[in-house]
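Here is the structure we will look at, set down as structure tokens.
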Amino acid sequence: MTWASIDLNADLGEGFGRWRLTDDEELLSVVTSANVACGFHAGDAATMRRVCERAAERGVRVGAQVSYRDLAGFGRRAMDVPSAELAAEVAYQIGALEVFARAAGTRVAYVKPHGALYNRVVHDMEQAGAVVEGVLLADDRLPVLGLPGSRLLEAADKAGLPVVTEAFADRAYTDEGTLVPRGTDGAVITEPDAVVERSLGLARFGTVTSHGGQQIAVRARSLCLHGDTPGAVGLAREVRARLEESGVRVEAFA
């Protein structure tokens, strides 16, 4: 299955105090959904408020990017968090962002885990269930964005939450359709032409070439463009332009 339209999402608000990582202003002019850091791996109250306001002005959907409590490690370190604690922390992050979203005249439209939590809930049903419990505590109608075939989407579907599949144009895939771990040679793809061509293949045909050279199916409704890659804004604009030129509508899923 391929899509006549696709959502473009990016991780935004990943600053803290005076430190900035992503060009939120420019990326919000390109993407249709913004995964906003909720203070656990990055982000602070002022940043969350500002991104929500800018997203609302541009008609970009606001998503809560929840993570393990790991500011020092940017949410990319493996952690063992008890299920009840993780569920409460997921709900807490969504609730915090919802305050700023509503003040800006919009709302939290979906939830996406970040970093180590995202990768953990691909395989770990207990942690996936805790994330879903946290989403249900916050709002039992929120869509959950995640990797096709993940335990997270399985648990969300069983709980009656809408599920949305996601693909990554700038991350390498294993032959099994999971992401090659960061730190592995070639795990992050930075060559612009390669990212654009992979975006087109994912959006139009639901396929991508794996790290091992296999053509694999990755059927996704949303395409993630990382905001912390070199030349992220220009690359995002090129991806969107090429998608639209090829006849793929770029529009939010939520």
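The values are calculated or read from the model by the stated rules, or taken from the named source; none is laboratory data. Since the model is a prediction, treat every value here as computed from it, not as a measurement. Here the Cβ positions follow ideal geometry from the backbone for every residue, glycine too, while neighbour counts run over all protein chains shown. Areas reflect the complete protein model, heavy atoms only, side chains present, ligands, DNA and RNA absent. Shrake-Rupley method; radii C 1.70, N 1.55, O 1.52, S 1.80 Å.
On inspection, GLY212 fails the criterion of being at positive phi and modelled with pLDDT under 95. Here are VAL108, VAL81: which of them is more than 17 Å from the chain's Cα centre (by Cα) and among the β-branched types (Val, Ile, Thr)? VAL81 is the lone residue from the list that is more than 17 Å from the chain's Cα centre (by Cα) and among the β-branched types (Val, Ile, Thr).
Considering the stretch 54-72 alone, what residues qualify as being over 13 Å from the mean Cα position of the chain (by Cα) and either outside any helix (DSSP H, G or I) or surrounded by 17 or more Cβ atoms within 10 Å (Cβ to Cβ) (or both)?
ARG54, ALA55, ALA56, GLY59, VAL60, TYR68, ARG69, ASP70, LEU71, ALA72
The condition of being over 13 Å from ALA130 (Cβ atoms) and among the aliphatic types (A, V, I, L, M) holds for VAL60.
Tell me, yes or no, whether the stretch 88-98 has at least one residue that is of a type outside the set (Gly, Ala, Ser) and in a loop (DSSP other than H, G, I, E, B). Talk me through it step by step, then tell me what you get.
From the stretch 88-98, those of a type outside the set (Gly, Ala, Ser) are 89-90, 92-94, 97-98; that's our starting set.
Still in the running and in a loop (DSSP other than H, G, I, E, B): none.
No, the conditions are met nowhere in the stretch 88-98.
Yes or no, residue by residue, for (1) open to solvent by 30 Å² or more (accessible area, probe 1.4 Å); (2) among the hydroxyl-bearing types (Ser, Thr, Tyr):
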residue: ALA156; (1), (2): no, no
residue: PRO162; (1), (2): yes, no
residue: THR178; (1), (2): yes, yes
residue: PRO181; (1), (2): yes, no
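Does LEU86 satisfy the condition of being farther than 23 Å from LEU28 by Cβ and either touching a residue at least 24 places away in the same chain (Cβ under 8 Å) or surrounded by fewer than 15 Cβ atoms within 10 Å (Cβ to Cβ) (or both)? So LEU86 passes the test.
Conditions tested, residue by residue: (1) touching a strand residue (DSSP E or B) at 6+ places or on another chain (Cβ under 8 Å); (2) of a type in the set (Val, Ile, Thr); (3) at positive phi.
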position	(1), (2), (3)
ARG20	no, no, no
GLU26	no, no, no
VAL31	yes, yes, no
ASP44	yes, no, no
VAL51	yes, yes, no
TYR68	no, no, no
GLY73	no, no, no
ARG77	no, no, no
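Would you mind listing the strands (runs of 3 or more DSSP E) fully within the stretch 184-254 where at least 3 residues are open to solvent by less than 40 Å² (accessible area, probe 1.4 Å) and in contact (Cβ under 8 Å) with a residue 60 or more places away in the chain?
Details: elements: 207-209, 215-217, 222-224.
Output list reads 222-224.
Filtering the stretch 14-39 to residues that are under 16 Å from GLN93 (Cα atoms), at pLDDT 95 or above and within 15 Å of the chain's Cα centre (by Cα) leaves ALA34, ASN35, VAL36, ALA37, CYS38.
Could we say that ASP170 is among the acidic types (Asp, Glu), open to solvent by 30 Å² or more (accessible area, probe 1.4 Å) and either at pLDDT below 95 or on the phi > 0 side of the Ramachandran plot (or both) here?
Working: among the acidic types (Asp, Glu): yes; open to solvent by 30 Å² or more (accessible area, probe 1.4 Å): no; either at pLDDT below 95 or on the phi > 0 side of the Ramachandran plot (or both): yes.
The answer is no for ASP170.
Run HIS41 past the list (1) open to solvent by 10 Å² or more (accessible area, probe 1.4 Å); (2) in contact with a His (Cβ under 6 Å, 6 or more places away or on another chain) and report the number of the one that doesn't hold. Status for HIS41: all satisfied but (1). Check LEU161 against each of (1) of a type in the set (A, V, I, L, M, F, W, C); (2) more than 16 Å from the chain's Cα centre (by Cα); (3) assigned to a helix (DSSP H, G or I) and name the one condition it does not meet. The single condition LEU161 does not satisfy is (3). Every listed requirement among (1) assigned to a loop (DSSP other than H, G, I, E, B); (2) β-branched (Val, Ile, Thr); (3) closer than 23 Å to PRO148 by Cβ is met by VAL30 save one, (3).
In the stretch 121-132, which residues are part of a helix (DSSP H, G or I) and either crowded, with 24+ Cβ neighbours inside 10 Å or over 17 Å from the mean Cα position of the chain (by Cα) (or both)? Walk me through it before giving the result.
Initially, the stretch 121-132 is screened for residues part of a helix (DSSP H, G or I), giving 121-123, 125-132.
Within the stretch 121-132, VAL121, HIS123, MET125, GLU126, GLN127, ALA128, GLY129, ALA130, VAL131, VAL132 meet the criteria.
For the stretch 133-158, a residue qualifies if it is of a type in the set (Gly, Ala, Ser) and outside any loop (DSSP other than H, G, I, E, B), and the qualifying residues are GLY134, ALA138, GLY146, ALA155, ALA156.
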